[in-house]
Each structure stands twice: as structure tokens, then as C-alpha cells.
Amino acid sequence: MAIKLTWLGHATWSIETDSGVILLDPFLNDNPSATAKADEVKADLILVSHGHGDHISDAAEIANRIGVDIITNYEIAGWLEKNQGVKSTIGMNIGGSVQTKFGKIKMTPALHSSGLPDGAYGGCPAGFVLTLPDAGGEVTIYFACDTGLFSDMGLIGDSGIDVAVLPIGDLFTMGVEDSVAATNLINPNIVLPSHYNTWPPIEQNAEQWSERIRSKTKAKPEVLSPGETFTI
Ligand code: NI
Ligand code: MN
């Protein structure tokens, strides 16, 4: 089966593989652009990039409903277990990777912050590189998550990225111009925008973004609407 990426709105992604569904940064019930509620989504594994509410707010509810692991940084993993009743977490840190039944998950740096909703320390914000087995080979997907532009994205790109998912909303993360520069550092075949059009302060014109990607990079832009799926 091909790998299917579904944008659930804002920075929430569902990654469907042969082995099950990975859910990234679940923020659904209070997300004005989400097309599903937390009690409707499937997950066999949850990833959380950092502690902000627009990435973590539904993680515990979904994990507890289905009984699945949450992979996140060490500090957030402890907070989820202690404060949110999550039974099983895998805490990691920047540069580390973990082998799961879905494939390899590596935690990458992100230039951002990570305070938890109650003010607790949320460790370092992160992105993820997923190396997922696919018919006859593997697919590598880089979720930059919430971050500004940083030149070490070039090192992440050197590992061979097929698909990159980048924030473009500006204000809290990279905006359009820096996402074009990031695409040139990462050099993926395909790039998808994330973390925009949820609220007026992060509104962007996805068509103009696509044009910039097409004219300034070698990557192919793929713009989804919330709820839409891209098959890799
Ligand atoms: Ni954030
Ligand atoms: Mn965010």
C-alpha cells in the first residue's frame, strides 16, 4: 500500500502506512480548521513535536481512548504520564531515533519554544524524520513542525528527504519566503505547507506559495485542504 498523508487542519497530520496510522500533533476539538473531532480520528501511534496547545491539546484524550503510545520529548512524555494519565509514552530527545513497527522515527531540532499549557517546562521543540517502509523500498518524510529557518535543515536534507512538510503561516513559525529557502536546503521531491490559515494572524495564500516553490526550487508543491489526502 502507498503511504497516505492527510492534513487534518493546522499542524495535525495523519500518516497511514501498511502497519497503521501515525497521528502527528493532534489539535482537533478547538481547531477552527479541523475536519474531524478527537473522538473520530484513528491512531496507532501519536507523535507530539512540542508542548504548545495547538499541537498537544487532544493527544492525551486520543491516546487514552485508543490505548496507544505517544512519542515526544522526554519532558513532555513525563508530563503526559503524570498530569494527563497517559499510560505509555516514549520520551526521546533531539538527534535520537527510535525504531517502531511503523518505521524509524528520528527527532530533529526546531527553532521554537515548548512551554506546556499549564506553564510546565516542555523541553526542546522538535521536528521528526519518518523513514517508512513502502512497497519495494522506503519513503522518508520530514515534518519540520513549528520552527524558524535554520541552515542545518541542509544536513537533514543530506539524509535524503522524499517529502517535506513545512510551516508557512509566519508570525509563530517560518513564513512563505523562509519556507522557500528551507525547501532549497532540504531539497525534497515534494513539499507540503502546514500551520497556516487556522486563524487570521497566520493567513497565507497557498496558490502564491505554490508559485514561489515552483519558480524558486526543484520541489513539487502539493497543497491540501483540511481533510484532504495526498498519496505518496
Ligand atoms: Ni508552537
Ligand atoms: Mn503551533
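Kindly identify the chain as rounded, prolate or oblate by the Cα gyration tensor criterion: order the square roots of the eigenvalues as a ≥ b ≥ c, call it rounded if a/c is under 1.5, otherwise compare a/b with b/c, prolate if a/b is larger, else oblate. In terms of gyration-tensor shape, rounded. In the chain, the DSSP beta bridges split such that about 60 percent are antiparallel, to the nearest 5.
Rounded to the nearest 0.05, what FRET efficiency is calculated for Glu81 and Ala120 with R0 set to 22 Å and r the Cβ-Cβ distance? Between Glu81 and Ala120 the formula returns 0.95. Dipole magnitude for the chain: about 400 debye, using +1 per Lys or Arg Cβ and -1 per Asp or Glu Cβ, origin at the Cα centre.
In order along the range 30-45, the phi-based Karplus estimate (6.51 cos²θ - 1.76 cosθ + 1.60, θ = phi - 60°) of 3J(HN,Hα) comes to 9, 9, x, 9, 6, 9, 9, 9, 4, 7, 10, 8, 9, 7, 10, 7 Hz; Gly and Pro are listed as x. Per-residue Karplus couplings for the range 192-209, computed as 6.51 cos²θ - 1.76 cosθ + 1.60 with θ equal to phi - 60°, are listed in order as 10, x, 8, 6, 8, 6, 7, 9, x, x, 10, 6, 9, 8, 5, 5, 5, 4 Hz, Gly and Pro entered as x. In the assembled protein chains, Asp152 presents an accessible area of approximately 80 Å² (probe radius 1.4 Å). Among the trypsin sites (Lys or Arg not before Pro) in the range 157-232, those placed in a DSSP loop whose Cβ has at most 16 other Cβ atoms within 10 Å are Lys218. Have a look at Val165, Ile213, Tyr196 and report the one farthest towards the positive end of the charge dipole of the range 161-232, computed about the Cα centre with Cβ charges (Lys/Arg +1, Asp/Glu -1). In the range 161-232, that residue is Ile213.
For the range 4-231, the carbon plus sulfur part of the accessible surface works out to 48%, probe radius 1.4 Å.
Heavy-atom accessible area, probed at 1.4 angstrom with all protein chains present, ranks Lys42, Lys4 as Lys42, Lys4, highest first. The slack between Lys42 and Asn189, meaning 0.36 nm per residue of separation minus the straight C-alpha distance, is 50.1 nm. Here's how it looks for Asn73: its modeled amide H is under 5 Å from those of Met92, which are all 5 or more places away or on a different chain. Taking every protein chain into account, the accessible area of the range 45-195 amounts to 38 square angstrom per residue (probe 1.4 Å).
Which of the pairs Lys37/Lys104; Lys42/Lys218; Lys42/Lys87; Lys37/Lys220; Lys37/Lys218; Lys4/Lys82 have their Cα atoms more than 26 Å apart in this structure? With Cα atoms farther than 26 Å apart: Lys37/Lys104; Lys42/Lys218; Lys37/Lys220; Lys37/Lys218; Lys4/Lys82. Computed over the range 57-112, the Cα gyration tensor eigenvalues convert (square root of 5λ each) into semi-axes of 20, 14, 9 Å, ordered from largest to smallest. Per-residue ellipticity at 222 nm, computed for the chain from helices alone with -39500 (n - 2.57) per DSSP H run of at least four residues, works out to -6000 deg cm²/dmol.
Of the chain, which part is the longest with no GluC sites (Glu not before Pro) in a loop (DSSP not H, G, I, E, B) and with at most 13 other C-beta atoms within 10 angstrom? Between the exposed loop sites, the longest stretch runs 41-202. A Förster radius of 25 Å, combined with the Cβ-Cβ distance separating Ser19 from Glu228, puts the computed FRET efficiency at roughly 0.65.
The values are calculated or read from the model by the stated rules, or taken from the named source; none is laboratory data. Computed from a predicted structure; not experimentally measured. For neighbour counting, all protein chains shown are included, and Cβ atoms are generated from backbone atoms with ideal geometry for every residue, glycine included. Only protein heavy atoms, including side chains, enter the accessible area calculation; ligands, DNA and RNA are left aside. Shrake-Rupley method; radii C 1.70, N 1.55, O 1.52, S 1.80 Å.
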